[in-house]
Amino acid sequence: MRTLERVRAVVLVLCGLSLALPASAAAQAECPSQPVAQVFMPWGDPGWYASVPDGGMETRLGAWSLGGSAKFVTGNEPFFVRSPADAWSLSLPSGASAIGAPTCVNLGHPTLRLFARSGNPTQGALRIAVEFTDLTGARRTQQIAMLAADGSWAPTPPIAIFANTLSLVIPQQVRFRFTADGAKWQLDDVYVDPYGKG
């Protein structure tokens, strides 16, 4: 309970800081505009989402840092939400990880969503973390989700980024880390919601 109270206090302080900003500073606290689409509408989510750099895994060069046998493989998620021509996804054997390229988020970027499936639907998890710079300038990593294994391709639930509460003064360049734990995972079409829900 005390942790929740501390989080609320930090959010209130940060909100107060944002209200104290002059209009010129508030105007600068914006991420560049991004193409958006309602890619999760078939699953009841009307949010307008923007892809992270090479979120569709189609470029496969420069945007992702791969470790522990992670690799790009042929085989797209079956819904082809980006394009019917898409043909690649990201494979993470157990213990492997992938870190995306820096992505701009601010307070208006509350959630992350992607498509995922695991090779073993009865064991393992996908750990998702966000790497960011805190208000003191220190680099930090915060786990934001641990998803249970599921053998079929499906969209993840909306995942709260949390680090965006630190982006009231200036936008944050964050990186998302995905780690397979106990099972092989396959990922595709990684998005952030730059406009929130409603």
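The values are calculated or read from the model by the stated rules, or taken from the named source; none is laboratory data. All values derive from a computational prediction rather than experimental measurement. Cβ coordinates were reconstructed from backbone atoms using ideal geometry, including for glycine residues, and neighbour counts include every protein chain displayed.
Worth pointing out:
- Just one of the numbered conditions (1) modelled with pLDDT of 95 or more; (2) in contact with a strand residue (DSSP E or B) (Cβ under 8 Å, 6 or more places away or on another chain) is not true of S83: (2).
- Taking each residue of the range 112-124 that is within 12 Å of K184 (Cα to Cα) and without any contact (Cβ under 8 Å) to a residue 60 or more places away in the chain and looking for partners that are surrounded by fewer than 24 Cβ atoms within 10 Å (Cβ to Cβ) and small (G, A, S) with beta-carbon atoms closer than 6 Å, six or more apart or interchain, yields P121/A149; P121/G151.
- Tabulated pairs, the range 143-162, first touching a residue at least 60 places away in the same chain (Cβ under 8 Å), second among the aromatic types (F, W, Y), C-beta under 7 angstrom, 6+ apart or interchain: W153/F115; P155/F40; P155/W43; P155/F115
Matching residues to (1) within 20 Å of W185 (Cα to Cα); (2) in contact with a Phe, Trp or Tyr (Cβ under 7 Å, 6 or more places away or on another chain):
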residue: V39; (1), (2): no, yes
residue: G44; (1), (2): no, no
residue: D54; (1), (2): yes, yes
residue: R60; (1), (2): yes, yes
residue: L66; (1), (2): yes, no
residue: K71; (1), (2): yes, no
residue: P78; (1), (2): yes, yes
residue: V81; (1), (2): yes, no
residue: P84; (1), (2): no, no
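- Any hit, the range 134-144, residues being surrounded by 13 or more Cβ atoms within 10 Å (Cβ to Cβ) and either at pLDDT below 85 or acidic (D, E) (or both): no
- Test: residue in the range 122-130 that is buried (at least 16 other Cβ atoms within 10 Å of the Cβ) and out of contact with any Lys or Arg (no Cβ under 9 Å at 6 or more places or on another chain): yes
- Condition check for G108: closer than 17 Å to S97 by Cα and in contact (Cβ under 8 Å) with a residue 60 or more places away in the chain: no
- Failed item in (1) farther than 17 Å from I161 by Cα; (2) surrounded by fewer than 18 Cβ atoms within 10 Å (Cβ to Cβ), with L92 passing the rest: (2)
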